[in-house]
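Read the structure below first, then the notes.
Derivation of every value follows stated rules applied to the coordinates shown; laboratory data play no part. Because the structure is a prediction, the values reported are computed rather than measured. Here the Cβ positions follow ideal geometry from the backbone for every residue, glycine too, while neighbour counts run over all protein chains shown.
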Amino acid sequence: MSFTRTILFVVSVAFFILAACAAPSPSQRPSSSNPAVSPSTTQANEMKDDNPNVTHVRNVVNLRQPQLQNLYKKQTQVNAMQGALNIKLFITEDGTVQNVDITPDAGNLSSEFIAQVRKEVMAWKFILHDKMIYSFKVQFRKM
């Protein structure tokens, strides 16, 4: 019985990991009602919605938004701020974030907060086989 539970656990974990990395269905795409994430441009030929790499990166970025919002909530307890950041990810063919450009778009976000966002985003991983540049915008607003 213990062996069966172990197998069931391993299969469940594998399913969870695969589901987290799967491309979103059309209903999971960012909508205009969620202004927190708005994808911008990647390299010209990669931004097409039918490109599975773009779809995967968009899905992972959307899933990781709560990490950035949690950093914001912690920072606003110390320093009142709000605004938006344009974030450009430079992703390697093995799915690691090689570099990130973060540009304040609006508001008064602290340099300490931006450094924390940079550190968080640099730790993100993707499942890719080609290099990719992906840009998106994140809004941070008072709750």
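Numbers below:
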quantity	calculated
Stretchable slack from THR96 to GLN65, in nm (0.36 nm times residue separation minus alpha-carbon distance)	9.4 nm
Inter-label distance for SER135 and ASN79, nm, one decimal - labels placed 7 Å from Cα along Cα-to-Cβ	2.6 nm
In segment 71-122, GluC sites (Glu not before Pro) in a DSSP loop with at most 11 other beta-carbon atoms within 10 Å	GLU93
Loop trypsin sites (Lys or Arg not before Pro), segment 47-86, which have at most 12 other Cβ atoms in a 10 Å radius of their Cβ (DSSP)	LYS48
